[in-house]
Amino acid sequence: MRCPRCKHAESRVVDSRIVRDGGAVRRRRECDECGFRFTTYETIQLDESQLTVVKKDGSRQPFDSDKIIRGIQLACKKRGVGQRVMDELADRVVARIHEAGDTEIQATRIGEAVAEGLRRIDDVAYVRFMSVYQRFEDSSEFRKALDQLQSDKDGDSG
């Protein structure tokens with residue numbers, strides 16, 4: 001790993017830790033030349049070009065994990081949900097998709113996984129996401145989603 005200070009090509013790892021639910025490795029490094037210490041993060045980059053999303057209308061498009069991240073961020077906008085929490089949810093959803101090992105995935109499965117995660121994080125973000133994901137047409141559909149959310153919460157506490 002090249003030193004950010006002196007650009008020397010060799011450094012040694014001083015400390016390693018797993019971060020973000022095992023999705024990354026944090027490494028403290030020290031430059032062999034100047035002794036400067038710096039931190040790097042390693043993450044696994046999965047080959048998304050092998051995965052196709054099958055939309056509700058039957059059309060197909062390449063999988064793009066950035067769409068999951070944008071959807072989560074939009075649902076959580078101005079809700080006080082930290083970026084780390086949103087990133088961890090996106091990582092879990094993407095990991096679940098890749099763990100399935102399929103070359104095609106239904107868009108509905110992706111949406112359900114995101115909705116399930118948002119439901120645990122923030123009620124308003126969950127309803128926002130569902131309103132777009134399920135294309136709510138009127139206020140009665142919002143009411144149904146809210147009633148179901150409250151019913152689930154009442155069932156969890158009883």
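Nothing in this text is a laboratory measurement; each read-out follows from the coordinates by a stated rule. Quick caveat: nothing in here was measured; it's all calculated off a predicted structure. Ideal geometry is used to build each Cβ from the backbone, glycine not excepted, and the neighbour counts take in all protein chains shown.
Set the Förster distance to 35 Å, then compute FRET efficiency between residue 18 and residue 148 from the Cβ-Cβ distance, nearest 0.05.
On the way: r = 36 Å, r/R0 = 1.04.
After rounding, the FRET efficiency stands at 0.45.
Helix-only mean residue ellipticity at 222 nm, the chain, DSSP H runs n ≥ 4 weighted -39,500 (n - 2.57), per residue, nearest 500. What is it?
Result for the chain: -15500 deg cm²/dmol, rounded to the nearest 500.
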Legend entry - Point-charge dipole on Cβ atoms (K/R +1, D/E -1) for the chain, about Cα centre, debye to 20: 700
Legend entry - Farthest positive-ward along the chain dipole, Cα basis, beta-carbon charges - from 36, 127, 115: 36
Inset, instruction - Treating each Cα of region 84-124 as an identical point scatterer and ignoring solvent, apply the Debye formula and state log10 I(q)/I(0) at q = 0.21 Å⁻¹. - result: -0.65
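Using Cα pairs closer than 8 Å and at least 6 residues apart in sequence, work out the relative contact order for the chain, in percent. Display every interim value, and only then the final one.
Values: 182 pairs, mean separation 23.8, N = 158.
After rounding, I find 15 percent.
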Inset, instruction - Please list the non-local residues whose amide H lies under 5 Å from the amide H of residue 51, H modeled 1.01 Å from N, same-chain partners needing a gap of 5 or more. - result: 63
Legend entry - Cα-projected label distance for residue 77 with residue 54, points at 7 Å along beta-carbon direction, nm: 3.2
Legend entry - Separation in nanometres of the label points that stand 7 Å from Cα toward Cβ, at residue 137 and residue 124: 2.8
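So which of 78/144; 56/77; 7/78 end up more than 29 Å apart by C-alpha?
Numbers: 78/144 24 Å; 56/77 26 Å; 7/78 40 Å.
Going by Cα-Cα distance, 7/78 fall outside the 29 Å limit.
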Legend entry - At q = 0.12, 0.15, 0.19 Å⁻¹, base-10 log of I(q)/I(0) for the chain (Debye sum, equal scatterers on each alpha carbon): -0.69, -0.91, -1.17
